[in-house]
Amino acid sequence: MDRFKKVYRQGVIEVLEVWVDTETGVNYLFKANGYAGGLTALLDKDGKPVVTHDIKEDL
């Protein structure tokens, strides 16, 4: 279960989190509000996935 690492969290009832896939470096945005939630790749201004390049050093 070490593949994904939570690197950011904001909120209590309305939650935003950023998770990083430690194998690919791709960042994901998770949003939850009450019992509903969703997950998507975090995209840059060009529509490409945000990638953390030095995964071992940054996490």
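What follows is calculated from the coordinates using simple rules that are stated; it is not laboratory data. This is a predicted model, so every value here is computed, not measured. All Cβ positions, even for glycine, are placed from backbone atoms using ideal geometry, and neighbour counts span all protein chains on display.
When the helix-only estimate is applied to the chain (DSSP H runs of n ≥ 4, each -39,500 (n - 2.57), divided by the residue count), what is the mean residue ellipticity at 222 nm, nearest 500 deg cm²/dmol? Intermediate results must be reported in sequence, preceding the final value.
Working: 1 runs with 4 residues, N = 59.
Helix-only estimate at 222 nm: -1000 deg cm²/dmol.
Can you give the local net charge around residue 3? Use residues other than it whose beta-carbon is closer than 9 angstrom to its beta-carbon, Lys and Arg +1, Asp and Glu -1. Walk me through the numbers on the way to the answer.
Numbers: positive: 5; negative: 2, 21, 23.
Here the charged neighbours net out to -2.
Using 0.36 nm per residue, how much length does the chain from residue 3 to residue 23 gain when fully extended, once their Cα-Cα distance is taken away? Each step should come with its number before you reach the end.
Values: separation 20, 0.36 × 20 = 7.20 nm, distance 0.66 nm.
Result for the pair: 6.5 nm of gain on full extension.
About its Cα centre, how strong a charge dipole does the chain have in debye, to the nearest 20, once Lys and Arg get +1 and Asp and Glu get -1 at the Cβ?
Details: 8 positive and 10 negative charges, 37 e Å.
Using only the charged Cβ atoms, the result is roughly 180 debye.
Would you please name the chymotrypsin sites (Phe, Trp or Tyr not before Pro) within the stretch 1-56 that are DSSP coil residues with at most 16 other C-beta atoms within 10 Å of their C-beta? Could you put the intermediate results ahead of the total?
Working: sites: 4, 8, 19, 28, 30, 35; in loops: 35.
Here the chymotrypsin sites (Phe, Trp or Tyr not before Pro) that fit, given the DSSP loop and packing criteria, are 35.
Can you work out ³J(HN,Hα) from phi for every residue in the stretch 32-38, in order, using Karplus 6.51 cos²θ - 1.76 cosθ + 1.60 and θ = phi - 60°, giving whole Hz and x for Gly and Pro?
Here the 3J(HN,Hα) series is 10, 9, x, 9, 9, x, x Hz.
Positive end of the charge dipole of the stretch 4-58 (Lys, Arg +1 and Asp, Glu -1 on Cβ, about the Cα centre): tell me which of 42, 27, 10 has its Cα farthest that way.
10
If exposed means no more than 13 neighbouring beta carbons inside 10 Å and the site is in a DSSP loop, what's the longest run of the chain without any exposed trypsin sites (Lys or Arg not before Pro)?
4-44
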